[in-house]
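Okay, so here's the structure we're looking at.
The values are calculated or read from the model by the stated rules, or taken from the named source; none is laboratory data. Just so it is clear, the model here is predicted, and its values are computed rather than measured. Note: ideal-geometry Cβ built from the backbone for every residue, glycine included; neighbour counts use all protein chains shown.
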Amino acid sequence: MPDVLAWRSEFELGLDEIDDTHRDFVALVSALQTATDDELIERLGALRTHTQSHFAMEDEWMRETDFPPVGCHSGEHARVLEVFDGVLDRARQGDLKLVRRLAEELTPWFEQHAATMDRMLVFWIKSKQAVPTSP
Ligand SMILES: [Fe+2]
Ligand SMILES: [Fe+2]
């Protein structure tokens, strides 16, 4: 079995809403990485649903605070959701190997995305003292 993503202190960015969402994201990714074949599609679906609201929350804050690289960060969110949808379609046609590959790639993707784009967003929000309110 490939490495399973687990929460590490370096993922902590210092904004509770994002950190809590990222903890849930990590848990859902690790659930996908440890799924049996029978569980794969359901777990990818759960991850997709959660990720949509995760990204929508960040996108909304970028708009509210005029985050300069909003196009770059939101664009990456949109591409990831597209990949999820494409892989879900293929999985429903029986291509479970593709889900396994996506599950593996989500570890380096999250490490990179959280350490760069999300970290920059938290820094920006804090520098504008525009800590968002929960819905
Ligand atoms: Fe995020
Ligand atoms: Fe993000």
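Restricting to the range 3-13, and then to whatever is exposed (fewer than 11 other Cβ atoms within 10 Å of the Cβ) and either modelled with pLDDT under 95 or assigned to a loop (DSSP other than H, G, I, E, B) (or both), can you tell me which residue is farthest from the chain's Cα centre (by Cα)?
Looking only at the range 3-13, we keep the residues that are exposed (fewer than 11 other Cβ atoms within 10 Å of the Cβ), and these are 3, 8-10.
Add one more test, that the residue is either modelled with pLDDT under 95 or assigned to a loop (DSSP other than H, G, I, E, B) (or both), and what stays is 3, 8.
Numbers: ASP3: 18, ARG8: 15 Å.
It comes out as ASP3.
Taking the range 48-73 as the region of interest, how many residues are closer than 20 Å to ASP16 by Cα and within 13 Å of the chain's Cα centre (by Cα)? Working first, answer last.
Residues of the range 48-73 closer than 20 Å to ASP16 by Cα: 50-65, 67, 73.
In the following step, the residues that additionally are within 13 Å of the chain's Cα centre (by Cα) were identified as 50-59, 73.
Adding up the residues that qualify gives 11.
Out of GLN112, GLN33, GLN129, GLN93, which single residue is exposed (fewer than 15 other Cβ atoms within 10 Å of the Cβ) and under 18 Å from LEU5 (Cα atoms)? Steps first, answer last, please.
Working: GLN33 fails: exposed (fewer than 15 other Cβ atoms within 10 Å of the Cβ); GLN129 fails: under 18 Å from LEU5 (Cα atoms); GLN93 fails: under 18 Å from LEU5 (Cα atoms).
Checking each option against the conditions leaves just GLN112.
So ASP20 clears everything in (1) surrounded by fewer than 15 Cβ atoms within 10 Å (Cβ to Cβ); (2) more than 18 Å from ILE125 (Cβ to Cβ) except one condition, right? Which one?
Tallying (1) surrounded by fewer than 15 Cβ atoms within 10 Å (Cβ to Cβ); (2) more than 18 Å from ILE125 (Cβ to Cβ), ASP20 fails exactly one: (2).
In the range 79-126, how many residues are of a type outside the set (Ser, Thr, Tyr) and either in contact with a Pro (Cβ under 9 Å, 6 or more places away or on another chain) or within 12 Å of ligand 2 (Cβ to nearest atom) (or both)? I'd like the intermediate steps shown before the answer.
Restricting attention to the range 79-126, the residues satisfying the condition of being of a type outside the set (Ser, Thr, Tyr) are 79-106, 108-115, 117-126.
Filter once more, keeping what is either in contact with a Pro (Cβ under 9 Å, 6 or more places away or on another chain) or within 12 Å of ligand 2 (Cβ to nearest atom) (or both): 79-81, 100, 103-104, 109-110, 112-115, 117-122, 124-125.
The total comes to 20.
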